[in-house]
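**Student:** One structure, pasted below without further comment.
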Amino acid sequence: MIEIVNFINGEHVRGAESEGLFSLNPATEERIAHVTVSSPADVDAAVQAARAAYDSGPWPRLSVEERAYYLHAIADALEDNLALFAQYECEDTGFLAKMCRDGHLPRAVEHFRFFAEEGKRFFGSAIPVGDAYFNLTHPVPLGVAAIITPWNGPLAVSSINLAAALIAGNCVVLKPSEMAPVTISLLGQIFAEIGLPPGVVNIVQGAGSPTGQALIRHPDIDLVCFIGGTQVGKAVLRHAADTVRRSLLELGGKSPTVVLADADLDAALDGALVSAFSSNGQVCTAGSRIIVERAIAEEFSRRFIERTRQIRVGDPFDARSEIGPMISAGHREQMLRAIDAAQRQGARLRTGGAIPAWCERGFYIEPAVFTDVHPRSDLARQEIFGPVIGMFTAEDEADALRLANDTCFGLAGSVWSRDQSRALAFAKKMQAGNVGVNTPYIRDIRCPFGGFKQSGIGAVGGRWSLEHYTQTQTLCVPLSGYALPKYGVEP
Ligand code: NDP
């Protein structure tokens, strides 16, 4: 079993709570890691290490090229160990091995490489103000960043923020989820091996309470990045209010796939299935609401349900599997309760929604599809974070738009129509940060990724990340000949 400890000031150290937690392999229910639980005192030690590294260590004083050297070294080490990291991430999260190996891990490598170079292009400007003076702007790091990340894709999600925070010159305290801590812990070993100065990145392991709570309440944190559910995100924001602390929130979603009557049905079907079920349906952008115009609704839902019945649920290491297990017994239980509640609220379960008959161990569940979902029901409004889909019939395009936007979330979505101009016009009216037009939304690190409404505040990717992790300072420089008025001198 892997022993997961903290990484503070360049050293691997155990947290105060001796009993700790266990991280299970969701496919086998075996314990794969014993996780230390950090107390508020451990969190304080991590914050103080980051504070010292920022206030008096070399990191913020290095040139961006020097910091980029470290980011490239992290990327190279991660790439050298990609197969091992991918295996651990699959065992820790239950995500398909091929997705970890070909998707999440290469993305994490790319994030360090991308920000190493993007940081060099993120500079200020000189703004002439008449003949009198120049204003010079330049980005300044903010200090100690607290980064709290979820269990779905721990390395891919953490690395975007880690890389951006670091290249900008900040020092970091990172708290991964207790449910999938292994690869982030191994990242600590890489930091030590490549000689990252002590205290620049500190990793505190443990549960949301006490560890995450202690971190967001800590007075010596300068900025926060929280990626997780909307409920916890609200608590993060409440604490940030007391200190007016800059906060980037990447929260939940209930994203629509909108299929208009003139869509290419084969393409839309493939797209709707990918949006609904990739990453086991446990992804913030999951297309969990499918809205179809009435003229094609019956045919589309019949074909969607048929295809869903054929989805292969199984061992994430089996290349044929399309959906692996849910992250935990508790999460699957919550989903089963949501499925039960949806039926009681009048929705019609058309397939799935049960534990597969063959399942003796592992947190597997059959993907579920509902029709006749009331737009005000919990199934329509709450994020379930798993392969549970609600299908809705829209009377026409205007009704489809109304349904698409009828949610407190606004993270992602897609729209399908053979008329590209119509689809584009529809997409622009969707209240969602990331929209696919005749494609599922495909993420790119150069572009901003953020949500409308309760899906978050701010965006990650490209210069949007760097703007979060810096404050632009403006320097005012007079030109020769510029004379100040002389107060107190007789004219
Ligand atoms: P949670 O909100 O439960 O947890 C996220 C992180 O916060 C974890 O590290 C968790 O620790 C920690 N945490 C929990 N409670 C507290 C607290 N009171 N104070 C401080 N930290 C706390 O989300 P999940 O891990 O379940 O992740 C799924 C959610 O994340 C979904 O809503 C999904 O949509 C969202 N998400 C959003 C993304 C985006 O970019 N918009 C990307 C990926 C996911 P622990 O797990 O140890 O309890």
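**Student:** Looking at Ser177 and the list (1) within 15 Å of the chain's Cα centre (by Cα); (2) at pLDDT below 95, which single condition is not satisfied?
**Tutor:** That leaves (2) as the condition not met.
**Student:** Restricting to region 151-172, what's the tally of residues that are assigned to a loop (DSSP other than H, G, I, E, B), in contact with a Leu (Cβ under 9 Å, 6 or more places away or on another chain) and within 12 Å of the ligand (Cβ to nearest atom)?
**Tutor:** Matching residues across region 151-172 total 0.
**Student:** For region 193-209, which positions are more than 9 Å from the ligand (Cβ to nearest atom) and open to solvent by 10 Å² or more (accessible area, probe 1.4 Å)?
**Tutor:** Glu193, Ile194, Gly195, Leu196, Pro197, Pro198
**Student:** What about Leu71, is it touching a helix residue (DSSP H, G or I) at 6+ places or on another chain (Cβ under 7 Å) and over 20 Å from Pro139 (Cα atoms)?
**Tutor:** So Leu71 fails the test.
**Student:** Can you pull out every residue in region 382-409 that is more than 14 Å from Ile290 (Cβ to Cβ) and in contact with a Lys or Arg (Cβ under 7 Å, 6 or more places away or on another chain)?
**Tutor:** Result: Glu383, Glu395, Leu401, Cys408, Phe409.
**Student:** Please tell me if Thr243 is under 25 Å from the mean Cα position of the chain (by Cα) and more than 14 Å from the ligand (Cβ to nearest atom).
**Tutor:** yes
**Student:** Additional query: Check Lys175, Lys234, Lys254 and return the single one that is among the charged types (D, E, K, R), within 14 Å of the ligand (Cβ to nearest atom), buried (at least 24 other Cβ atoms within 10 Å of the Cβ) and over 30 Å from Phe123 (Cα atoms).
**Tutor:** Details: Lys175 fails: over 30 Å from Phe123 (Cα atoms); Lys234 fails: buried (at least 24 other Cβ atoms within 10 Å of the Cβ).
Criteria check complete, one pass: Lys254.
**Student:** Please work out if Ala295 is open to solvent by less than 10 Å² (accessible area, probe 1.4 Å), of a type in the set (Gly, Ala, Ser) and within 15 Å of Val258 (Cα to Cα).
**Tutor:** no
**Student:** For Phe363, work out the one condition from (1) loosely packed, with under 14 Cβ neighbours inside 10 Å; (2) touching a His at 6+ places or on another chain (Cβ under 8 Å) it doesn't fulfil.
**Tutor:** (1)
**Student:** Across region 280-315, which residue is nearest to Phe385 (Cα to Cα) among those that are within 16 Å of the ligand (Cβ to nearest atom) and not small (Gly, Ala, Ser)?
**Tutor:** In this case the residue turns out to be Gln282.
**Student:** Within the set of pairs 6 or more residues apart or between chains, which connect a residue that is closer than 30 Å to Glu79 by Cβ and in the same structural domain as Ser159 (by the TED database) inside region 114-136 to a residue that is among the small types (Gly, Ala, Ser) and part of a loop (DSSP other than H, G, I, E, B) with Cβ atoms less than 7 Å apart?
**Tutor:** Pairs that qualify, where the first residue is closer than 30 Å to Glu79 by Cβ and in the same structural domain as Ser159 (by the TED database) and the partner is among the small types (Gly, Ala, Ser) and part of a loop (DSSP other than H, G, I, E, B), are Gly119/Ala168.
**Student:** Look through region 189-218, keep the residues that are of a type in the set (Gly, Ala, Ser) and part of a helix (DSSP H, G or I), and return whichever of them is nearest to Phe7 (Cα to Cα).
**Tutor:** Step one: filter region 189-218 for residues of a type in the set (Gly, Ala, Ser), giving 192, 195, 199, 206-209, 212, 214.
Going one step further and asking which of them are part of a helix (DSSP H, G or I), we end up with 192, 208-209, 212, 214.
On the way: Ala192: 9, Gly208: 18, Ser209: 19, Gly212: 15, Ala214: 17 Å.
Going through the qualifying residues, I end up with Ala192.
The values are calculated or read from the model by the stated rules, or taken from the named source; none is laboratory data. None of these values were measured; they are calculated from a predicted model. Reconstructed Cβ throughout: ideal geometry from the backbone, glycine too, with neighbour counts over all protein chains shown. When the accessible area is computed, the model is the full protein with side chains, heavy atoms only, and any ligands, DNA or RNA have been set aside. Shrake-Rupley method; radii C 1.70, N 1.55, O 1.52, S 1.80 Å.
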